[in-house]
Structure formats: C-alpha cells, structure tokens
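Accompanying notes for the structure given below.
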Amino acid sequence: MWVRAPRIRICSMNPAEDERTKPATITTFRVRRFRLPTNSRAPGSGLSRRPGRSRAARGGRRPARIIRRPAAGGPPIHSNTRPMSNPSATSTRMSAPELRATTSLAAIFALRMLGLFMIMPVFSVYAKTIPGGDNVVLVGIALGAYGVTQSLLYIFYGWASDKFGRKPVIAAGLLIFALGSFVAAFAHDITWIIVGRVIQGMGAVSSAVLAFIADLTSEHNRTKAMAMVGGSIGVSFAVAIVGAPIVFHWVGMSGLFAIVGALSVVAIGVVLWVVPDAPRPVHVPAPFAEVLHNVELLRLNFGVLVLHATQTALFLVVPRLLVDGGLPVASHWQVYLPVMGLAFVMMVPAIIVAEKQGKMKPVLLGGIAAILIGQLLLGMATHTILIVAAILFIYFLGFNILEASQPSLVSKLAPGSRKGAATGVYNTTQSIGLALGGVVGGVLLKHGGPDTVFFACSALVAVWLIIAAGMKQPPRKA
C-alpha cells in the first residue's frame, strides 16, 4: 500500500526575534511512508521500491522532508531530518554551566577530603617523634578531632547555606579550614596538632557544597553530578594515600599541613569567581523532622558513620604494620599506588551497573561485604607486606564503591528544599564516625592490639550489612 500524509502547515515563532519586525516562519512538512513489495509500483505515484534494499539497508525509517519558506519571500530551504520520537525530551548531557559548576565544586569537596586523608597514612608513625605522640589514645584523638567539630557544625552549615546562600557560607568555612591547617603546621607537640585539627573541622562546608551542586544541576543530571563528587572523593583518597608518604618525606608533617592550608585559600577564589551563581533556594513545605525520620536516609547515615569509623581505625594500625614488615614510611606508596589504582578501576564498572541497570542495592551490599571481608582477613591473616596489600585491595574496592555512590542516593532521597539539611545530617554522621574511629580505635589498640581493632571493626560492619539488607531498591537512573 501507498500512503501519503496530507501536507501540514505549521506557523512557528522564534522568541529570540522581535515579532513586530520579523514575520513568522512558515514551515511545511511533507511526510511520505512507503510499504511496497519488491519491484512493485504504486499506481499513479511515480514511485517504486528498488529491489534488494531493505529498510535496514536504507538506514531505517525514511526521514521527513522539510521545506521551510520564510514569510517575507526567498527561496525555500530543503532539509531532511528524522522525526523526533519525543520532541519534549530533555537532553541527558550536562550543559556547560552544569559541568563547570560540578567540576569546580567537586574539586573543592575533594580538597576538604584531601585535608582529612593526607595525615592518615603517616601520622601514627610520625607521632612517635613528637612530644606526647607515644600515647596511642592521643594519636587517635588527633585523627578523630577533625570529625568532632565537623559533626557539631555540619547541620548548621547546611541550614545556613539554605538561609543565607551557598557561596558566602562555603567561603567562610574554607577560611576556617585554612586557619586550622596553618595552626597544625606550626605545632610542635601532639596537643597543638589536636587544636589545629579541631579548627580544621570547624570549616565543615561539605553539606553546603553538596547542596550547591544540587542547586546548579537539573534533576536528571544530579546523579551524574553526585557521582562526580563521589569520584573526586575517591581520587583525593587515592592521591592522599599514595602521595602523603612521598610529600611527608620531602617536607615533613608541617609542610604537609601548610600545603593543605594554601590549597584551601586557592579554593576560596574558585568558589567566588569560578563557580556560577545559583538562585536562592525556594523553600517548600518539608519539615526538618522528615530528614531525621526518613528510614532510607537513616540507613545511609548509619552506613557512612561505620564506613569512616572503620577507615580511621584501620589507619591507626596499617601504617605500623607496614613499618614492622620492613617497609619505611617513604616507601608506603609502593603498596598504596597499585592497590588504590586497581581498586579504582574495578569500582567504575560496578557504579555503571548500579546506575544504568538499576542494581544499586546489590552493588552497595557487595561493597559492604568487601569491607567486612577485608577487616576480617586483616585480623586473621599473617601481616606480611604482600598479604596486607592484597587484603587492602579488597577493602578499598568496597570503600570506593560506597564512597562514590552514597552521596548521590542522599540527594535523590532528600525531601523538598531540605537537601542542604539532609546532606548536613549525612556528613554529621560521617564526622561522628571519624571521631569514634580515632578515639575508640586508639583505646582498642592500646589495650587489645591490632587484631582487636580489626575484629571490632568487623562486628560493626556486620551490623551495617544487616541493616542495609532491608533497604528499598533506589529509583533507577532515568
């Protein structure tokens, strides 16, 4: 059969032109669809189908022929285009402003985490060389003090950024963070390092940064943006774990803190002059209690607490194990670089499967299981360099998966205009985990030894796995 659609005349208006001076453009569509057997000819049509050419060979559906005639006269413009199956569909690509905002804010977020991660691989060994550093409880407090003030101020920063705007709150927090870094850089004993870490934690801008990203990205690109943030955390963690021993060997702990402080000052300029402005958040009814009572958010909050508590406790012990195994601090990168590099590469397909195929729940549970297996093996296995490196790969594979995926889930599940508050609660529990891991890990290390630390962490992760098993399947990425 031969079907010829009627000619359609559409008057389209271009809003960019002044309608008083520019006439409307008349667009004519002539759509023809053919369904003819080979070598057949439609009577009176003057058209035939060539033999041996299937629809697939011809590239599928025949494109519509469009004739555009300007109303003011002029030659018609002919073009061929395929009809849109959904003209109103929005492109899934991030726009240039979205990409610029996300990359710059992810860099700021990564800088904050870099300040946290940089001291972990070297501090427990360095502390032995300063007054008061022989007390492993004080060493644990120095590692966890950063998280104490963060946990007290994260919700405040999220609320303040909702009320007063993201940029001024983020800039103020980065300034405080830089001040704490310089205090720690000039410290000569464990007490003043603890003071510097406390001040660092007062610059708790992560909740405001995550909320700012949510402001500057559309709903269908928000998961990508949060995944970029998660990826930046993974990159900063890898850079810190691999680079900290080398930087420490070159400039010492004071130089390491000073570098972090200088980068914080640079980040203030990025916030003020590189990150695009965003409209003031519009408040819609969403009680703050809804953030605290959301069961799925509570699962994520507990999970990030356990994740960072066990991580901090682990780094109280692992650097000492490597030194005891005959590997000096300056050479620890030889373990961390291949372990982190391979774990990061293996993490990427897991995140793609979780997002694209709607497998977020099994991927999250797999990440938790990897952390549990890693902690158990560290408590049971012989602590040679090769065995510790192999176990760390299992642990960091799970860690990277969880660190890259959980922030995007918080943004998805946060109600109404309370994204700042929800991320504030999330980061508060993260900071509580940092503090608990440092303090409790130090006590366990002092009174029970390394294996006690690993088994206690394993028990905590096992509880997390049971709680996470009851989570609902998160919404699939559009």
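If packing is taken as the average number of other Cβ atoms within 10 Å across a peptide's residues, how do 126-139, 299-312, 151-164 rank, most packed first? Walk me through the numbers on the way to the answer.
Details: 126-139: 16.8, 299-312: 24.1, 151-164: 21.3.
Highest mean packing first, the order is 299-312, 151-164, 126-139.
Test of understanding: what is the full-extension gain from residue 380 to residue 324, defined as 0.36 nm times their sequence separation minus their Cα-Cα distance?
Net length gain for the segment: 18.5 nm.
Taking a ≥ b ≥ c as the square roots of the eigenvalues of the Cα gyration tensor of region 129-230, is the shape rounded (a/c under 1.5), prolate (a/b larger than b/c) or oblate?
prolate
Just order 348-361, 440-453 by mean Cβ neighbour count inside 10 Å, highest at the front, would you?
440-453, 348-361
By how many nm would the segment from residue 220 to residue 95 lengthen if fully extended, with 0.36 nm per residue of separation less the alpha-carbon distance?
Stretched out fully, the residue 220 to residue 95 stretch lengthens by 43.8 nm.
Take the alpha carbon atoms of region 114-183, find their center, do the same for region 375-436, and report the distance between the two centers in whole angstrom.
After rounding, the separation between the Cα centres reads 18 Å.
Report the FRET efficiency, 1/(1 + (r/R0)^6), for residue 277 and residue 152, where r is their Cβ-Cβ distance and R0 is 25 Å, rounded to 0.05.
Result of the calculation: an efficiency of 0.30.
Which order do 387, 176 fall in if you start with the one that has the fewest other Cβ atoms within 10 Å?
387, 176
Which length gain, in nm to one decimal place, applies between residue 134 and residue 191 when the Cα-Cα distance is subtracted from 0.36 nm times their residue separation?
Extra length available between residue 134 and residue 191 comes to 19.3 nm.
Can you give the local net charge around residue 183? Use residues other than it whose beta-carbon is closer than 15 angstrom to its beta-carbon, Lys and Arg +1, Asp and Glu -1.
Taking every other residue near residue 183 into account, the sum is 0.
Using alpha carbon coordinates only, what is the Rg to Rh ratio of region 269-394, with Rh defined as the Kirkwood radius? Numbers along the way, then the final one.
Working: Rg = 19.9 Å, Rh = 18.2 Å.
Dividing the radius of gyration by the Kirkwood radius yields 1.10.
Taking R0 as 30 Å, what FRET efficiency do you get between residue 451 and residue 472 from their Cβ-Cβ distance, rounded to the nearest 0.05?
0.25
Values in this text are rule-based calculations from the coordinates and carry no lab data. These figures come from a predicted structure and were not determined experimentally. Cβ: placed from backbone, ideal geometry, glycine included. Neighbour counts: every protein chain shown.
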